[in-house]
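The values are calculated or read from the model by the stated rules, or taken from the named source; none is laboratory data. In this text the structure is predicted, and so the values were computed from the model without any measurement. Reconstructed Cβ throughout: ideal geometry from the backbone, glycine too, with neighbour counts over all protein chains shown. Note: accessible area is taken over every heavy atom of the protein model, side chains too, but ligands, DNA and RNA are not part of it. Shrake-Rupley method; radii C 1.70, N 1.55, O 1.52, S 1.80 Å.
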Amino acid sequence: MNDDIKKELDQIGDLVDSKIEKAFNSAQENAKGEIEESLKSEISNLSNEYLAKNDEMQKRMDTIEMAAKKNAIESKPVNFKGALKQAIEGGAIEGLKKGQTRAASFEVKADMTTGADYTGEVIAATRVPGIKYDPSNEVHVRSIVPVGTTNSDTIRYIKESAYTQGAAATAEGNALGQTDFNLTASTANVELIGTYLRLSKQMLDDTEQLTSYISARVPSKLMAVEDDQLLGGNGTAPNLEGLRNSATIWSNAASGFADGVIANPQNIDVLITALNQVAKANYTSDGILMHPTDFHKILALKDGDSRYLKDQVYQGLQPTFMGVPFRISTAMAEGEFIVGNFSQAAQIWQRENVSVEFFEQDSDNVQKNFVTVRVQERLAMTTYLPNALCRGSFATVVAAL
């Protein structure tokens, strides 16, 4: 098509040139240098025709050039994510969004060999609030043992250390028996449990809910350390004296069960003898503290006919044994138990409750845009009545029975 137009233009151009040459020759022959009017008219018409043909050719060339550019753009490789985004923005799922249809179908033309990875967010994700994490101890010792408050750094209490019974039925005229007892002043020091973190201000500002996370997560971890102290502390400063060291250890004599009295003893028999030891000391047990693994081992026990004994454990939703609630905590060492009257035997004294504080003025925080987070508490532990608690190891007691 373009060749035909070019050929026409060449013919018109040649014709115009010949007319102009003829007009020039005619002007030379004419003394006045005038061109014949008819010749001038022919040259003008041919020139206009030439210009019109040239415009037509230029327009066609422009159209061809634009089409070529469009084809080049459309043939450019597009990755799947980009093609999908273009399709969605182009209204491919409008009917589905407006409820006009229950499905949407559209063709995505993408070069799957170029940038075909589906990275990033094409559609914004639904953000779930908060930061998820596994909890620390579910049952804390402070939920079993009474908690008091103090304004001092030392807790002092009077404890009966010995008692000689002299009371007896006495005949008339005979002397009464003498009773003696010893009182001992005991003390427990308030100790500090704490930790600190250093975080950048940018991290606190840019990470959503980080402050709330720290305020909840770090104290829960601190409480786990508190449980370790309240149970296993050796009493040497700065450690508290924990219940596993202060409670009365199980024994055949104290429990009233001699070796061989129980045939084929199991863990459930250990609890029976421990409850009896506490009862012999004239206390009523209000809790059985053990590790979850030991608790579930008891649930797995069967009788001679392979029937579970768990019906003797669970009464309603609260697991109990002979009416005494189980206290299940991972703070307890696996394989050990503490049975007794926790409400009478011991007490926790809180000097300073668990606190979370943020400080900008610490060390080189100002220079480095850091924030120091301090988490701490101050408390003491007193075990008034060791005989109200019976502690021991399942394996050791089973072997002794």
Please label the shape of the range 245-401 as rounded, prolate or oblate, based on the square roots a ≥ b ≥ c of the eigenvalues of the alpha-carbon gyration tensor (a/c under 1.5 means rounded; beyond that, a/b larger than b/c means prolate, else oblate).
prolate
So how compact is the range 177-321: Cα radius of gyration and Dmax in angstrom?
22.8, 79
Compute the projected area of the convex hull of the Cα atoms of the range 149-204, averaged over all viewing directions, and report it in nm² to one decimal place.
7.8
Scan the range 161-217 for GluC sites (Glu not before Pro) in coil per DSSP, keeping those whose Cβ has at most 14 other Cβ atoms within 10 Å, and list them by number.
GLU172, GLU208
Peptides ranked, highest mean first, by Cβ atoms within 10 Å: ranges 143-152, 338-347, 159-168
338-347, 143-152, 159-168
Put TYR213, TYR133 in order of accessible area, largest first, probe 1.4 Å, and you get TYR133, TYR213
Packing-based order for 215-228, 350-363, using average beta carbon neighbours within 10 Å, highest first
215-228, 350-363
log10 I(q)/I(0), Debye, Cα-only the range 221-288, no solvent, q = 0.13, 0.18, 0.24, 0.28 Å⁻¹?
-0.51, -0.80, -1.00, -1.15
For LEU301, what residues show an amide H to amide H distance below 5 Å, using hydrogens built from the backbone and excluding near sequence neighbours?
LEU309
Multiply the residue gap between ASN234 and ALA169 by 0.36 nm, knock off their C-alpha separation, and tell me the result in nm, one decimal place.
19.0 nm
Potential lengthening between ASP205 and ILE268 on full extension [0.36 nm per residue; Cα-Cα distance subtracted]
17.3 nm
Using the Karplus curve 6.51 cos²θ - 1.76 cosθ + 1.60 with θ = phi - 60°, what ³J(HN,Hα) values do you get for each residue of the range 335-350, in whole Hz, with x for Gly and Pro?
x, 10, 9, 9, 10, x, 9, 5, 5, 9, 6, 9, 8, 9, 10, 9
Got a sec to turn the phi values of the range 298-303 into Karplus ³J(HN,Hα) couplings, 6.51 cos²θ - 1.76 cosθ + 1.60 with θ = phi - 60°, whole Hz, x for Gly and Pro?
5, 4, 7, 5, 10, 8
